[in-house]
Every structure is written in C-alpha cells, then in structure tokens.
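Colleague: Please find one structure pasted underneath; my questions will follow.
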Amino acid sequence: MKVTVKLFASLRKDRFAVDDFDYQEGATVGHILASLNISEEEAAIIFINARHGEPDSPLKEGDLLAIFPPVGGG
Amino acid sequence: MESLKECLLARAENGLIHLSIQTWAVQNFGLTFPAVEEAILELNLLPARYQRNQRSLSCRQQLSLFRGKVAVIGCGGLGCYIIEELARLGVGHITVIDPDNYEEHNLNRQLFSKVDNLGQPKAAVAAVRIKEVNPAVTIVPVQDAFTSRNGSVLIEKVDVVADALDSIPRRLELAEVCEKCDIPLVHGSVGGWYGQVTTQFPGEYTLQKIYSRHSGERGIEKDLGNLSFVVAMLASIEVAEIVKILLGEGSTLRGKMLSLNLLDTEFTEITF
C-alpha cells in the first residue's frame with residue numbers, strides 16, 4: 001500500500017521532507033518509524049490524515065502520515 | 001486646585017498626553033505612574049507613547065491591556081522578548097518568574113543579557129529594564145523556579161500565563177497548575193531553526209497531547225541549541241496570542257498548534 005510520509009523540523013535532516021513509500025498491508029506507524037530509523041521518542045507528534053495518531057495506529061492505502069519531533073527549548 | 005482629571009484634559013494635545021505631562025502629574029499629585037496612566041486612559045485620552053498603537057488599538061483596548069495581568073514563566077530567550085513586547089504595548093501588570101542568573105551562553109539570544117550583567121538574576125534585571133522602558137508597567141520579579149508547589153500562588157491573580165520555559169516536564173507541570181487555577185496558557189518552544197506555539201484554555205489539555213509520549217527533559221534543542229531570530233519570532237507570536245486573549249478579539253491558536261520551520265520557511269498548523 002502507498003503511504004505518504006511528511007517529516008517536520010529536524011527529522012528531515014539526512015532524510016526527506018515528503019515522500020511516498022510502499023508498505024505491507026497492516027503496517028503501523030511504528031513499522032514506518034523503524035524503517036526510517038526514527039525512535040518513538042523522536043516522533044513526539046504523529047498525525048494521520050490530520051488526526052492524532054500513535055505508534056500502534058494502523059495505516060491504510062493513501063494515508064498521509066505527518067511526524068513532528070519534540071521541541072522544548074526556551 | 002485643579003483635579004488630576006481637569007489637569008489632564010486641559011493639557012491633552014489631540015487626545016494625547018505627553019510623557020512630560022504624565023511625569024509632572026505623578027509628582028504634582030503624589031501618585032504612582034500606573035495610577036496616572038489609568039486616569040489618562042479612563043478619560044479616553046492616550047499616553048503619547050502609544051500613538052503608533054492607536055490605529056490598531058483603541059483607547060478602550062489600551063485600557064484593557066493596561067488592566068491585563070500576565071505571568072511570564074521563564075526569562076530566557078522567549079521570556080525576555082515576551083516581557084519587552086508586553087511592556088511596550090502597555091500591558092499593565094507583568095509577573096516574571098525565573099530562578100537563574102545570566103551566563104555567557106545566554107548572550108546569543110536573551111534580550112536583557114549584557115556583558116555587564118552576567119551573574120545577575122534574570123528576574124531582577126528584567127524589572128530594571130522594564131522600569132526604564134515603561135514606568136506605567138507594574139513588574140513583579142520572582143527569583144524562584146515555578147513548580148506545582150508554589151505555582152498556584154504565583155499565578156492566581158493573572159489573566160494569562162506565557163510559557164517561556166526550557167524544560168518539557170516543567171511545562172507539563174505549568175499546564176497542570178494553569179488547569180487547576182482556570183487560567184489560559186500560551187505555549188511556545190524552540191529548538192534550532194524550529195519552533196511551535198499554541199494556546200490552551202482550561203479543559204483542552206493541548207500541551208499534554210503535544211508531549212504525551214515524551215519522557216525526557218529536553219527535545220531537539222538539546223542537539224540544536226537556540227537561535228536569536230527563532231526565539232524573537234516565537235515570542236512575538238505568543239504575545240499576539242496573549243493580546244487577543246486579553247482583548248477577547250481575533251482568532252487564537254486554541255485547539256491548534258503552529259509549527260514553524262525557518263530553515264525551509266514553512267508554517268504548518270495542525271488541529272488537535
């Protein structure tokens with residue numbers, strides 16, 4: 001299944017801003033994070049089609065997955 | 001003898017009271033600067049320092065800002081700019097809370113830090129600075145860390161709280177205290193070229209959602225540090241949110257988070 005992955009802020013470094021990937025049916029956000037070498041700690045905010053998701057959220061054909069890192073400085 | 005109001009009305013020029021008249025009234029009537037400021041605004045006159053606000057903020061709105069009470073939690077990169085902008089706007093009561101003293105690594109972005117005040121407490125330095133900029137502002141410096149133990153007392157009388165902290169667990173603690181005290185919280189945070197801002201009202205728990213899975217003290221700033229233009233920009237957006245809350249006008253980032261990427265010049269809004 002095709003999933004579009006959009007990375008924000010520093011998660012783009014040495015990766016990409018937005019790209020399409022083919023994943024096996026039933027893949028979760030966690031599987032995609034692992035394939036991109038992003039730890040769950042680094043994926044502070046996960047949105048699937050503009051709705052809040054979690055690492056165990058399943059994905060389906062055509063989903064847009066957006067991942068933001070934790071930002072905490074002042 | 002003329003009353004204060006008669007004096008102000010007689011000396012207004014095109015609806016403006018110049019600083020020299022305001023200062024004279026303070027001395028002549030034995031009043032505080034904030035008391036004279038309030039009297040001016042109640043007469044629908046404007047201290048001349050605000051004349052460039054006038055096309056965007058009415059006298060009535062300027063009076064609302066003067067009566068507004070804001071607590072700024074943290075006087076670092078974000079906090080200094082937030083305090084400076086609130087004071088120049090004419091927000092009348094600002095509580096500044098920070099336990100730290102200035103260090104050399106603050107000089108890259110913290111507006112009130114100078115070579116001459118390294119080692120001095122940030123909250124006290126902010127109070128001196130703001131008195132120099134706008135004596136009509138009542139500034140309350142608190143040299144202490146904001147915690148759930150002392151937090152309720154420190155913010156109980158304010159209208160809005162500004163998050164300018166540098167620690168994720170402290171932010172969550174602040175969000176809890178604001179929830180308990182029924183006070184809106186404007187959150188901003190930065191790291192490298194990036195930042196985020198949101199406004200949360202009691203019962204919304206946006207901050208808790210943003211950091212729901214994060215267990216560490218710090219985020220990307222641990223590796224990326226903090227840049228001057230990023231803190232200035234995020235602080236300015238926080239101030240815009242604060243002003244809208246104080247005035248009850250405009251559209252805030254309530255229930256949303258604005259993510260800023262100044263490296264790629266991308267602003268992204270997400271809805272929780």
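Colleague: Of the conditions (1) of a type in the set (Val, Ile, Thr); (2) in contact with a strand residue (DSSP E or B) (Cβ under 6 Å, 6 or more places away or on another chain); (3) surrounded by 15 or more Cβ atoms within 10 Å (Cβ to Cβ), residue A:4 satisfies every one except a single condition; which number is it?
Modeller: Condition not satisfied by residue A:4: (3).
Colleague: Would region B:10-26 turn up any residue that is part of a helix (DSSP H, G or I), of a type outside the set (Phe, Trp, Tyr) and touching a Cys at 6+ places or on another chain (Cβ under 9 Å)? Lay out the reasoning, then the answer.
Modeller: First pass over region B:10-26, keeping only residues part of a helix (DSSP H, G or I): B:10-11, B:19-26.
If we keep only those that are of a type outside the set (Phe, Trp, Tyr) as well, we get B:10-11, B:19-23, B:25-26.
Next cut, touching a Cys at 6+ places or on another chain (Cβ under 9 Å) only: B:21, B:25.
Within region B:10-26, one or more residues are part of a helix (DSSP H, G or I), of a type outside the set (Phe, Trp, Tyr) and touching a Cys at 6+ places or on another chain (Cβ under 9 Å).
Colleague: Which one of these does residue B:228 not meet: (1) within 23 Å of the chain's Cα centre (by Cα); (2) within 14 Å of chain A (Cβ to nearest Cβ); (3) closer than 20 Å to residue B:184 by Cβ; (4) surrounded by fewer than 19 Cβ atoms within 10 Å (Cβ to Cβ)?
Modeller: (3)
Colleague: In region A:16-31, how many are under 30 Å from residue B:226 (Cβ atoms) and either surrounded by 14 or more Cβ atoms within 10 Å (Cβ to Cβ) or facing chain B (nearest Cβ under 9 Å) (or both)?
Modeller: Within region A:16-31, the first condition is being under 30 Å from residue B:226 (Cβ atoms), and the residues that meet it are A:16-19, A:29.
Add one more test, that the residue is either surrounded by 14 or more Cβ atoms within 10 Å (Cβ to Cβ) or facing chain B (nearest Cβ under 9 Å) (or both), and what stays is A:17, A:29.
Selection size over region A:16-31: 2.
Colleague: Of the residues that make up region B:182-194, is at least one among the small types (Gly, Ala, Ser), within 19 Å of residue B:97 (Cα to Cα), in the same structural domain as residue B:251 (by TED's automatic domain parsing) and at pLDDT 95 or above?
Modeller: Start the filter on region B:182-194 by keeping residues that are among the small types (Gly, Ala, Ser), which leaves B:188-189, B:191-192.
Now drop any that are not within 19 Å of residue B:97 (Cα to Cα), which leaves B:188-189.
Those still in the list that are in the same structural domain as residue B:251 (by TED's automatic domain parsing) too: B:188-189.
From what's left, at pLDDT 95 or above: B:188-189.
Looking for residues that are among the small types (Gly, Ala, Ser), within 19 Å of residue B:97 (Cα to Cα), in the same structural domain as residue B:251 (by TED's automatic domain parsing) and at pLDDT 95 or above, one finds at least one in region B:182-194, hence yes.
Colleague: To continue, here is another question. Quick one: in region B:253-265, which of the residues that are more than 8 Å from chain A (Cβ to nearest Cβ) and over 25 Å from the mean Cα position of the chain (by Cα) is surrounded by the most Cβ atoms within 10 Å (Cβ to Cβ)?
Modeller: Ranking the qualifying residues of region B:253-265, first place goes to B:263.
Colleague: Which condition breaks for residue B:132 when tested against (1) part of a helix (DSSP H, G or I); (2) in contact with a Leu (Cβ under 8 Å, 6 or more places away or on another chain)?
Modeller: Here residue B:132 meets the rest and fails (2).
Colleague: Among the residues of region B:14-40, which ones are more than 29 Å from the chain's Cα centre (by Cα) and either in contact (Cβ under 8 Å) with a residue 12 or more places away in the chain or assigned by TED's automatic domain parsing to the domain that holds residue B:138 (or both)?
Modeller: Matches in region B:14-40: B:28, B:29.
Colleague: To continue, here is another question. Give the residue that is surrounded by the fewest Cβ atoms within 10 Å (Cβ to Cβ), with candidates limited to residues of region B:58-91 that are in a loop (DSSP other than H, G, I, E, B) and in contact (Cβ under 8 Å) with a residue 40 or more places away in the chain.
Modeller: For region B:58-91, the residue satisfying everything is B:68.
Colleague: Give region A:42-70 a look and list any residue that's loosely packed, with under 14 Cβ neighbours inside 10 Å and under 20 Å from residue A:12 (Cα atoms), or say none.
Modeller: Hits for region A:42-70 are A:49, A:50.
Colleague: Report the residue count in region B:199-231 for those that are charged (D, E, K, R) and assigned to a helix (DSSP H, G or I).
Modeller: Result for region B:199-231: 4.
Colleague: Of all the strands (runs of 3 or more DSSP E) wholly in chain A, which have at least 2 residues that are closer than 26 Å to residue B:235 by Cα?
Modeller: Because the criterion is at least 2 residues that are closer than 26 Å to residue B:235 by Cα, the strands (runs of 3 or more DSSP E) in chain A that meet it are A:45-48, A:64-68.
The values are calculated or read from the model by the stated rules, or taken from the named source; none is laboratory data. Treat the numbers as computed from the prediction; the structure is a model and nothing was measured. Backbone-built Cβ (ideal geometry, glycine too); neighbour counts: all protein chains shown.
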